[in-house]
Amino acid sequence: MNKAELKAAILQAKEETGTLVLAHTYQDPDIIDIADITGDSFALSKAAAGIPDKKRVLLCGVRFMADTVKILSPEKKVVLSHRSATCPMAEQIAPERVRAFREANPDVCVCAYINTSTELKAECDVCVTSSTAVKIVKALPSDRILFIPDQNLGGYVSQFVPEKEIILWDGCCPTHHSVSVKDIQDAKAVHPGAKIAVHPECRKEVVALCDFIGSTSEIINYCLSVDDDVIIATERGVCDKLRRDYPERGFYQLAQNKLTCPNMKMTTLQNVYDALLGNFGDVIEIEEELRLKAKRSIDNMLKYGG
Ligand code: SF4
């Protein structure tokens, strides 16, 4: 099948199987075309939970995202589009290390970026997204916070909460962490009038040179709210989509080779089609006790973050 035929076959298979297809914003634009809902990871989980009629969900993204859908909607059959698509940051810490840290520091509140495995979420007190992290850390009743796993997001948050001790782990997103100050300088030299929008998973010295800092959806909103050209310093899926939807605008990808997450780009249209037919992907199973522990961290995220 050519691409157009494959897309048509996917739409038909979605209909016949009653499957809701979710695609993270970092997916290839072709995957986004055939998805029912596109967005940040937690937005996808919430959206799926809000559609009780859909009992089958196919998540095009990485494993922790499909896990989060299952944590919130245990009654649904949740399939990850590609078995090997995992987020390296989500699994950078063994849960036992967090347990050991907590035993040595009983006063600490463990705060986990949503980009963590289910096992890590189960060890934590609260989750955060990149757009809610500052608000939640401020609202937590504890003055000592262990922030895992992303040192860059944790460091960014700590600037806004000087009254609390934020202990950082040494994890990071290898994709965003790879961006350098020179990448910013090079892009500014090519597009001197453009603003720069960056994700807080990038290094502190990179973030310091940018005009706007925000989550994936906040970056999209920023790009659409300004008249200026914008250099986009996050995974290239955001810029690819914006360029396609607004070809008349000046949106430029920063360091394209570095800001291409190989795990996010694993899923192909053929994978999606095969997964819809039950011949590909990975059905997510989470043991109930573990699910409830992980869900407590997400419930606390909603409690403190609204
Ligand atoms: S872009 Fe970074 S945080 Fe997102 S899935 Fe890839 S490695 Fe993980």
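FYI, it's all coordinate maths here, none of it is from the lab. Quantities reported herein were computed from a predicted structural model and do not represent experimental measurements. With ideal geometry, Cβ positions are generated from the backbone for all residues, glycine too; neighbour counts draw on all protein chains shown.
Of all GluC sites (Glu not before Pro) in region 1-94, which ones are in loop regions per DSSP and have a Cβ with at most 12 other Cβ atoms within 10 Å? The qualifying sites are E75. With the charge dipole of region 39-93 set up from +1 on Lys and Arg Cβ and -1 on Asp and Glu Cβ about the Cα centre, the Cα lying farthest toward the positive end among the listed residues L59, M89, G39 is that of L59. Once both labels are positioned 7 Å from their Cα atoms along Cα-to-Cβ, the gap between D107 and V226 label points is 4.2 nm.
Using a cutoff of 8 angstrom between alpha carbon atoms and counting only pairs six or more residues apart, the relative contact order for the chain works out to 22 percent. From the alpha carbon centroid of region 26-104 to that of region 210-233 is 25 Å. In the structure shown, the pairs K14/K241; K188/K303; K121/K258; K77/K204 are assessed against 30 Å; a Cα-Cα span above that value is assigned to K188/K303; K77/K204. In summary, the convex hull built on the alpha carbon positions of region 179-253 has an orientation-averaged projected area of 4.3 nm². Length, then width, then depth: along the principal axes, the Cα atoms of the chain run 57, 54, 29 Å.
Across region 89-173, C-alpha contacts under 8 Å between residues 6 or more apart give a mean separation that, scaled by the residue count, equals a relative contact order of 30 percent. Checking the Cα-Cα distances for K76/K295; K7/K76; K164/K293; K3/K54 against a 20 Å cut-off, the pairs over it are K7/K76; K164/K293; K3/K54. For region 130-239, which GluC sites (Glu not before Pro) are in a loop by DSSP, counting at most 14 other Cβ atoms within 10 Å? Passing both the DSSP loop test and the Cβ count: E163. Take every Cα pair under 8 Å whose residues are at least 6 apart in sequence, average their separation, divide by the length of region 179-253, and the relative contact order is 28 percent.
Of all beta bridges that DSSP places with both ends in the chain, some 5 percent have antiparallel geometry. Once the Cβ-Cβ distance of L302 and S180 is raised to the sixth power relative to R0 = 51 Å, the FRET efficiency obtained is 0.90.
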